[in-house]
Amino acid sequence: MTDRTTLHAPWALLPGGWARDVAITVAPDGTIGAVAADAPCGSAVPLAGPVLPGMTNLHSHAFQYAMAGLAETRSPSGEDHFWSWRETMYRFLARLTPDDVEAIAAQLCVALLKGGFTAVVEFHYLQADIAGAPYADPAEMAWRILAAARQAGIARTILPSLYRHGGFGRPPGEGQRRFLLPAESVLDIIAALRREAASDPLLRVGAAPHSLRAVTVEELGAFAAAVRRADPAAPLHIHAAEQPREVEECRATTGQRPVERLLAHLPVDRRWCVVHATHMDAAETAALAATGAVAGLCPTTEGNLGDGVFPFLGWRAAGGAFGIGTDSHVGTDAAGELRMLEYAQRLRHLRRAVGASPEQPSSGTALWSAAASSGAQAAAQPTGAIAPGRRADLVVLDGAHPMLAGRDGAAIGDTLVFAPAPGLVRDVHVAGRRVIVAGHHADEEAIATRFAVTMRCLLA
Ligand code: NGQ
Ligand code: ZN
C-alpha cells in the first residue's frame, strides 16, 4: 500500500456502538486515520459486510493446540482433574522440538485469525530443550513462535516466562524441567525480542511470571522491577487462583490467598493481566478490579479443565476490565469464547444478558467491545477499537450470509456471538492488510500440511 485507502462498511462497531454506512480511512502504515458514519461509499473500497474491531487473544500456550482432544479420556482411577491433565500435558511437551512448536504455532495462528483474533499473546514458558538445558540461543523457542505468527500474519505479543518452583515451597518436578531458566536468561530473551520489535511493528514484548506457585513474591518483585526498568510500559501477565487447591496451598504456606498475596506484594496496575482469577473472594475481586488490571478469562479452557466459574458479576460491578484468551486452544474462535463466558454466568446465576449493560444492551456487542478493548490493553497493542490512531485490525463479516439477512446493528453483534452461523467471519485485516480473504489464508495449505506431518510424527 502506498496510498491512503478508504474502506466502507454497511455497519461498523465503533466505540459508541453500531453505526451505519461507515467510512474508515487507513494510512499506508496500517493506522486508522478518519472514521465517519453515515458516509456514502463513493470511491471507497466496499467491505464484504459489517466490521468489528479485531479481537486480541490475550492468553496462549501455542504448543498445547497439538493436544486438543487428546486429554479427554477417563483414567483407570477416575481421578481426572486439572492436576492430572497437567501431568498429561507435561508428558506431551517433553518431546517437542523447535520445529514442532513452529509448525503447531503456525497452524494455530491461522485458526485464530479465522476465528476473529487479530493478535495473540503468547505466555511463553516452554523455553528449554528436551533435557531442560537452555538452547544455544536461549531465545530459540521464542523465535519459533515469532516466525509462526509472522508467517500467519497475526499481530503478536510475546511474554517470556519466569518459572522457578514446582509449587508453593516445592522443588520443580521432572515434567517442569523445560520451563526453568534463570531470571537473567529470561531477561536476556526479553531484551533480544525487544530489539527485534524495533523493526517489527506487529510485535510487542512483555513478561510472564508463571504463577505464585512457580515464583516466590520476592523473585516476582525483582523480576517485574527489572522488566519495568527496561520498559515501563511492558505488559506483565501471571496465572492466579485457577484452582481451589492452589488457593488452599497458598493460604497454608503463606497465610494469604493468591490474588490477595499478589496485591500485597506487587504494584499491580493496568499493564498487568491476571489470568483466570477464578477463585477470588469478594475483597480480592474488588481490590484487583480497582487496580485497572485486566482479568484474562479463558472460558473454553477453564470449562475443559474444570476450573470453576469466574466471579464476573462482582468483577463488573467493581468496574473490572476483562479480555479473552484461548489458552490451551480447545477453542479457537473469539465468539465461542464470549458465548462460553456468558453461558457459564447464565448457568450459575439463572439469568440472561449478563454481559450487557444499560449503555450497551446487546450482550454480544457489549462482550465483543469490552474484550477487544481490554485485550488490546493487556497485549500493549494499539488496537481494540475502530477509531483514529488505532491500527486497522478488523474483522469483516459476510454480509451475504443468510443468518445476517434483515439484521441490523446490535442484532449483528448478537448473531456473531449467539447464533449458529458457520462462516460468518469472512475477511480479517491486520494493520490494514487482508490476511484472511473469504475465509481462507494464502498459506493455509502449506501450513496445514506441515502441521499434519508434525502431528503424525508426534503421535506415531
Ligand atoms: C499452563 N495452564 O501454564 O499451561 C497452565 C497449566 C500450571 C492453565 N493454567 C500449568 N490453564 O498452571 O501449572
Ligand atoms: Zn495459561
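The values are calculated or read from the model by the stated rules, or taken from the named source; none is laboratory data. Keep in mind the model is a prediction, meaning the values are calculated, not measured. Every residue, glycine among them, receives a Cβ derived from its backbone with ideal geometry; neighbour counts consider all protein chains shown.
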- Every pair of residues 6+ apart whose Cβ atoms lie under 7 Å, when the first sits in segment 280-300 and is farther than 28 Å from residue 330 by Cα while the second is assigned to a helix (DSSP H, G or I): 282/314; 284/259; 284/260; 287/263
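Mind listing whichever residues of segment 50-80 are at negative phi, more than 16 Å from ligand 2 (Cβ to nearest atom) and either assigned to a loop (DSSP other than H, G, I, E, B) or among the β-branched types (Val, Ile, Thr) (or both)? Spell out the reasoning first.
If we filter segment 50-80 for residues that are at negative phi, which is where we start, we get 50-68, 70-77, 79-80.
Okay, now just the ones that are also more than 16 Å from ligand 2 (Cβ to nearest atom), so 50-55, 70, 72-77, 79-80.
Once the filter is applied, which keeps residues that are at negative phi, more than 16 Å from ligand 2 (Cβ to nearest atom) and either assigned to a loop (DSSP other than H, G, I, E, B) or among the β-branched types (Val, Ile, Thr) (or both), segment 50-80 yields 50, 51, 54, 70, 72, 73, 74, 75, 76, 77, 79, 80.
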- Item | Check on residue 215, assigned to a loop (DSSP other than H, G, I, E, B), closer than 15 Å to residue 274 by Cα, modelled with pLDDT of 95 or more and within 16 Å of ligand 1 (Cβ to nearest atom) | yes
- Filter segment 81-103 down to residues that are under 25 Å from residue 143 (Cα atoms) and either polar (S, T, N, Q) or in contact with a Leu (Cβ under 8 Å, 6 or more places away or on another chain) (or both) and give me whichever is nearest to ligand 2 (Cβ to nearest atom). 93
- Item | Complete set of residues in segment 104-126 that are within 13 Å of ligand 2 (Cβ to nearest atom) and either more than 20 Å from the chain's Cα centre (by Cα) or not β-branched (Val, Ile, Thr) (or both) | 122, 123, 124, 125, 126
- Message: Can you list residue pairs whose Cβ atoms sit under 7 Å apart, with the first residue in segment 8-35 being without any contact (Cβ under 8 Å) to a residue 60 or more places away in the chain and the second being among the polar types (S, T, N, Q) and part of a strand (DSSP E or B)? Count only pairs 6 or more apart in sequence or on different chains.
- Response: 23/6; 25/6
- Task: Check whether at least one residue in segment 256-266 is within 16 Å of ligand 2 (Cβ to nearest atom), in contact (Cβ under 8 Å) with a residue 40 or more places away in the chain and within 18 Å of the chain's Cα centre (by Cα), and report yes or no.
- Result: no
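Within segment 106-130, track down each residue that is charged (D, E, K, R) and touching a helix residue (DSSP H, G or I) at 6+ places or on another chain (Cβ under 8 Å).
Result: 122, 129.
Residue check: is residue 339 surrounded by fewer than 24 Cβ atoms within 10 Å (Cβ to Cβ), over 21 Å from the mean Cα position of the chain (by Cα), modelled with pLDDT of 95 or more and not in a loop (DSSP other than H, G, I, E, B)? Spell out how you get there, then give the answer.
On the way: surrounded by fewer than 24 Cβ atoms within 10 Å (Cβ to Cβ): yes; over 21 Å from the mean Cα position of the chain (by Cα): no; modelled with pLDDT of 95 or more: yes; not in a loop (DSSP other than H, G, I, E, B): yes.
Criteria not met by residue 339.
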- Message: With the structure loaded, tell me whether residue 261 is within 15 Å of ligand 1 (Cβ to nearest atom) and either crowded, with 18+ Cβ neighbours inside 10 Å or under 21 Å from residue 304 (Cα atoms) (or both) or whether it fails that test.
- Response: no
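Do the conditions hold for residue 323, that is, is it within 16 Å of ligand 1 (Cβ to nearest atom), in contact with a Gly (Cβ under 6 Å, 6 or more places away or on another chain) and closer than 22 Å to residue 120 by Cα? Break it down stepwise before answering.
Numbers: within 16 Å of ligand 1 (Cβ to nearest atom): yes; in contact with a Gly (Cβ under 6 Å, 6 or more places away or on another chain): yes; closer than 22 Å to residue 120 by Cα: yes.
Judged against the criteria, residue 323 is a match.
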- When every residue in segment 115-161 that is of a type in the set (D, E, K, R), more than 16 Å from ligand 1 (Cβ to nearest atom) and surrounded by 21 or more Cβ atoms within 10 Å (Cβ to Cβ) is compared, the one nearest to residue 329 (Cα to Cα) is 156
- Query: Applying the selection to segment 415-441, what residues are under 13 Å from residue 115 (Cβ atoms) and among the charged types (D, E, K, R)?
  - Reply: 426
- Pairs only if they're at least six apart or on different chains, beta carbon under 8 angstrom, first in segment 435-460 and of a type in the set (A, V, I, L, M), second loosely packed, with under 12 Cβ neighbours inside 10 Å; list them, first residue then second. 458/95
